[in-house]
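Where a number appears in this text, it was derived from the coordinates with a stated rule and is not lab data. In this text, all values refer to a predicted model and were calculated from it rather than measured experimentally. Here Cβ is always computed from backbone atoms with ideal geometry, including for glycine, and neighbour counts include all displayed protein chains.
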Amino acid sequence: MVTFAIRMKKGIYLIIFLFFLSQCNLSERDISGDIHSDKLHLLPPGSPPSGSSFKIFPDSHQKVTQEKRNDELSRSLIKKKERKSKPVSHSFSSSSFRDDSLRILRITSLRKQKKDIDLNEPVSRDYVFSSIENRKFSSMIMLSHETFLRISFDNDILNYTDRFYTNGIRFDFISPAFQQFPLSRLMLPYWRSGTNYYGVSLTQNLYTPSTTKVDGILFGDRPYAAYLYFGTFKISNDPVSKFRQTSELDLGVIGPYSFGEYIQKSFHNEVPTNTVPLGWEYQIKNDLVLNYHYIVEKGIIEKENFDFSVNGSGALGTLYTNISGGFLMRTGIKNPYYINLGQSKRRLNKENGLRNTQFIFFITSRGRFIGYDATLQGGFLNKSSVYRIPGTDISRFVYQGSAGLTFVYGGFRFDIEQFLLSPEYKYGWWHKWVHMAFTFSL
C-alpha cells in the first residue's frame, strides 16, 4: 500500500512537471509570433506580455535576440511614418513654387486692371520676380496696345529747289507685337513708371550737289549720296514726369545698293520738264550703316493751350555721330503732349477724357555738334569713294529750325512742317525743305 502511494505521488509530480513545461513552450511560441505582427505594441526589452506574471526570456541569448528584433521593428515603423508624412518630391522646391504663384498673381491682378506689364524693362521684372509677398512698386512700365502706321515725306520741291537733302521717305509701324522682336532688347531701359511703344521703320534719304544738271564732279560741292536702312525703336512715355525717351537701332547700307540713283532718275523721268540728274556715278560708295539714336524730351510748361519742352539727342555709328539739343513749343487746341503719342482712337479719347479734335501750331529749334557725317565724308569703313568732303571742311556746328501745323481727328493725324538748315560744309548754303506726315491709328 505504501509502495503504491509513493508511485502515485511520483506520477503526480511527473504530470505536474510535464504540464508546466508545455505551458512554457506555448507561451514562447505565442510571444515569438506576436513580435512579427504589425499589431504588436512594443515593450521594453525583458518586459512580460500583458497578463503574464513571469519574464519572457530567461535565457540571455534569447533576450538579446529579441531586443535586436524590437529595435529593427522600431526603425521599420518609424521609416513608414516618415514616408507617409514626407511631402511628395517635385522637380522644383516649395520656395520656387511659392515664387511662381506670386508672379502669376501679380500679372493676373495687373491684367484685371487692363494693364499689360512690359517684362523687357528691369523695373518691371524686379517687381514681378520679387520673392517679397507684399512687395510695393514705385515704378512700373506698361506695354501699349495701340497700333500706328506713319508715312513721312521730305522734299525741297515746294521750296523750288533740287539740291542737298532733296528727298526722304520713312515708314513707321508701331505695334505691341514688336516687344518680342529680338533687337528690342537692345533698346535702353527706362527706370520710372510709364508706357512703352515698340516699332520698326524703313528709311531712305537722298542727297545731291547744288545742281544735278552738270556732269562730272563738282569739287567744293556736296557729293551725291543715298542710304537705306531698317530700324527698330522703343518710345517710353511718362505722363506723370512729363518725360519721353526714344532709342533706335538702324541697320542698312549707304551707296548704290540703297537705290537712290534709281529713285531720283525715275521721278525725274516722269516729269517732262525735269532733266535726268547727272553725276550719280560719283556717289558715295557702298558701306555699312549701323547706327544707334537716343532722344530725351522733358516738359517744362504744360498749360491747356500752350506747352514748352526741351530735348536732347545723340547718334553714334557709321552713318552719323553727333549730339544736339533744343526745344519744342506748341500752342492751339490740343491734348497734353506726354499723355500719349499725339493721337488715339475716338473710343480711347472718350475713355481718357481727351479731345478728339486737335489743331496745333508748333516751332522747333535745335543746335547740333557734328562728329561724323557719312553723306559728306564717305563711308566709315569703305574709303574708296571717288569724291568726298574732307573733315577739315565740315561744319562742326549746324542749326536747324522748323515751324509747322498738326491736325488730329480721332485716329488720324496730319503734320506739315517747314525746315531750315544752316550750311553743313565750308562752301555750303542754307537749305530748306518741307516735311509731311500721315499717321493712322489701326
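I need the semi-axes of the equivalent ellipsoid of segment 148-441: take the C-alpha gyration tensor, multiply each eigenvalue by 5, square-root it, list largest first in whole angstrom.
On the way: eigenvalues 236, 87, 69 Å².
The three semi-axes for segment 148-441 are 34, 21, 19 Å.
Compute the signed sum of charges (Lys and Arg +1, Asp and Glu -1) over the other residues within less than 12 Å, Cβ to Cβ, of Lys383.
After counting each charged neighbour, the total is +1.
Can you pull the Rg over Rh of segment 247-372, Cα-only, Kirkwood?
1.12
How much FRET efficiency would the formula 1/(1 + (r/R0)^6) give for Arg192 and Phe369, where r is the Cβ-Cβ distance and R0 is 25 Å, rounded to 0.05?
0.35
Which ordering of Asp415, Asp126 is given by a fewest-first count of other beta-carbon atoms within 10 Å?
By the 10 Å Cβ count, ascending: Asp126, Asp415.
Bin all alpha-carbon pair distances of segment 362-442 at 5 Å intervals from 0 and give each bin's fraction as a whole percent.
Final binned percentages: 3, 12, 18, 16, 14, 13, 10, 8, 5, 2, 0.
Arrange Arg347, Arg222 by Cβ neighbour counts within 10 Å, fewest through most, would you?
Arg347, Arg222
Please compute, for the alpha-carbon atoms of segment 116-252, the extent along each of the three principal axes and give them in descending order in Å.
Per principal axis, max minus min of the Cα coordinates gives 74, 25, 25 Å.
Working out 0.36 nm times the residue gap between Glu351 and Ile151, then minus their Cα-Cα distance, what length gain in nm do you get to one decimal?
69.3 nm
With each label point set 7 Å from Cα along the Cα-Cβ vector, what nm distance links Val310 and Tyr427?
Those two pseudo-labels are separated by 4.0 nm.
Quick check: residue separation of Asp393 and Phe438 times 0.36 nm, minus the Cα distance between them. What number comes out in nm?
Here the segment from Asp393 to Phe438 would lengthen by 12.5 nm.
Give me the distance in nm between label points sitting 7 Å out from Cα along the Cα-to-Cβ direction at Ala177 and Ile217, one decimal.
That separation, rounded to one decimal, is 4.7 nm.
Sorting His268, His431 on the 10 Å Cβ count, fewest up front, what's the list?
So the residues, fewest neighbours to most, are His268, His431.
R0 = 25 Å: FRET efficiency of Asn286 with Lys265, Cβ-based, nearest 0.05? Provide the component values of the computation, followed by the final result.
Values: r = 18 Å, r/R0 = 0.73.
The formula returns an efficiency of 0.85 here.
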